[in-house]
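Here, each number is a calculation from the coordinates, and none is a lab measurement. The shown structure was predicted, so the numbers you read here are calculated from the model rather than taken from an experiment. Backbone-built Cβ (ideal geometry, glycine too); neighbour counts: all protein chains shown.
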Amino acid sequence: MATSIGFIGLGNMGGPMAANLLKAGHAVTGFDLSEAALSKLESFGGKRASDVAELARDADVIVTMLPAGKHVRQIYMEPGGILETAKPGTVLIDSSTIDVDSARAVAVAAKDKAIHMVDAPVSGGVGGAEAGTLTFMVGGSDTAFEAARPFLDIMGKTIVHAGGSGNGQAAKICNNMLLGISMIGVSEAFVLAERLGLDAQKLFDISSTASGQCWSLTTYCPVPGPVPTSPANRDYQPGFAAEMMLKDLKLAQEAAGSSGAATPLGAQAAALYALFCNSGGEGTDFSAIVKYLRGS
Ligand code: NAD
């Protein structure tokens, strides 16, 4: 049965996610600040709303895919926002990558209005959004998760219930902190190998079957050659841009600060990615940090 879905934030990720909901037969009404994004939604058969309140009043399900926590707080919690205008029983899905504290604050405000909400950040990038193969990491009650699930199934392939509100964001930033640290570690190993006269392919052949193996080495190798599909072989075109990695590492550091967790390597990774981005690397793939470490 067609459900009336509101979709706010129709950018690189949200646009194709909304298109997949339309393809599955649902009625999608969108809102975005960008005229181009709204026109694109209409070209896929969607409708546009003139503001958040108009969209929220008529929707049974609302998905948001916004840049950061401040946009999410604004769209949900300010006067005329989703929580003020949505009907009781509406299902809210925030798939933006944002700070855990904002995710939990919005979920608490939704609960006060008896509206079910999940935080459901994704991995899989624009390719995964287009193909409907995203991984969703979901935080929220069992009831909210079950209500959101049929719509997540359309936009993604792997849906994991990570626990209560905010746990989806927690999973996302813990994973990406680990990824940032491991990419720096792998890159340092290749830079040291070069200085020692050890061939990159030889290091790869040994470490990829030894105790140094990890995803950053075996799937996303930061030097050209050993893994033909890695961005290193296409001049580090993203992929996953360094500025996005920096955003997630900063979110991890905020969460570490507010929860009192010791993450010294996470802090170092955030500092190194900030230096790399400031030196002009922000638009390149995050694996290009190897060039920064090498000094070329
Ligand atoms: P984007 O900048 O392409 O899209 C964001 C959209 O939100 C834009 O169309 C913008 O106009 C709209 N927007 C901003 N403020 C708004 C407001 N107040 N009202 C209505 N619309 C507003 O970003 P993206 O790449 O689609 O990323 C969205 C989220 O997904 C981010 O949190 C990002 O970290 C996360 N994410 C992105 C990727 C990726 O590969 N791009 C992967 C995983 C997660």
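Just need the Rg to Rh number for the chain, please, alpha carbons only, Kirkwood Rh.
On the way: Rg = 20.5 Å, Rh = 20.1 Å.
My calculation of the ratio gives 1.02.
Which aspartates and glutamates does LYS23 reach when only Cα atoms under 16 Å apart count, and residues fewer than 8 places away in its own chain are ignored?
Straight-distance partners of LYS23: GLU42, GLU130, ASP153.
Which is farthest toward the positive dipole end of segment 4-164 among ALA86, ALA19, ALA120, measuring Cα position about the Cα centre, with Cβ charges +1 (Lys, Arg) and -1 (Asp, Glu)?
Working it through, the farthest residue towards the positive pole turns out to be ALA19.
Using only Cα atoms, tell me the angle between helix 142-155 and the longest principal axis of the chain; keep it within 0 to 90° and round to the nearest 10.
Helix 142-155 sits at roughly 70 degrees to that axis.
Under 14 Å between alpha carbons, and skipping anything fewer than 8 positions from LYS87 in its own chain: which aspartates and glutamates qualify?
Within the straight-line cut-off, LYS87 pairs with GLU54, ASP58, ASP60, ASP112.
Measure nothing fancy, just the Cα-based angle from helix 242-259's long axis to the longest principal axis of the chain, in degrees from 0 to 90, nearest 10.
70 degrees
Just need the relative contact order of segment 4-164 here, percent rounded to a whole number, with Cα pairs under 8 Å and 6+ apart. Working shown, then result.
Values: 339 pairs, mean separation 31.7, N = 161.
That works out to 20 percent.
Go through LYS47/LYS111; LYS47/LYS113; LYS40/LYS111; LYS202/LYS291 and tell me which ones have a Cα-Cα distance over 25 Å in this structure. Let's see the in-between values first.
Working: LYS47/LYS111 29 Å; LYS47/LYS113 27 Å; LYS40/LYS111 33 Å; LYS202/LYS291 19 Å.
Over 25 Å Cα-Cα: LYS47/LYS111; LYS47/LYS113; LYS40/LYS111.
If you line up the long axis of helix 14-23 against the longest principal axis of the chain, both from Cα atoms, how many degrees apart are they, to the nearest 10?
60 degrees
If you add up the charges near ILE181, with Lys and Arg at +1 and Asp and Glu at -1, over every other residue whose beta carbon is less than 13 angstrom from its beta carbon, what do you get?
-2
Taking the Cβ of TYR236 as the center, what net charge do the other residues with Cβ under 14 Å away carry, scoring Lys and Arg +1 and Asp and Glu -1?
The answer is -1.
Would you list, by chain and number, the lysines whose Cα falls below 20 Å from the Cα of LYS250, excluding same-chain residues fewer than 8 positions away?
Cross-link targets: LYS70, LYS172.
Over segment 171-291, what relative contact order in percent results from Cα pairs under 8 Å that are six or more residues apart?
Numbers: 149 pairs, mean separation 39.2, N = 121.
Taking the mean separation of contacting Cα pairs over the length of segment 171-291, I get 32 percent.
With a 10 Å Cβ neighbour count serving as the proxy for reagent exposure, in which order, fewest first, do ASP32, ASP58, ASP51 appear?
Working: ASP32 23, ASP58 15, ASP51 11.
Ordered from fewest to most neighbouring Cβ atoms within 10 Å, ASP32, ASP58, ASP51 come out as ASP51, ASP58, ASP32.
When Lys and Arg each count +1 and Asp and Glu each count -1, what net charge do the other residues less than 14 Å away from GLY225, Cβ to Cβ, add up to? Please list the in-between numbers first.
On the way: positive: LYS202, ARG234; negative: GLU194, ASP199, ASP205, ASP235.
Here the count lands on -2.
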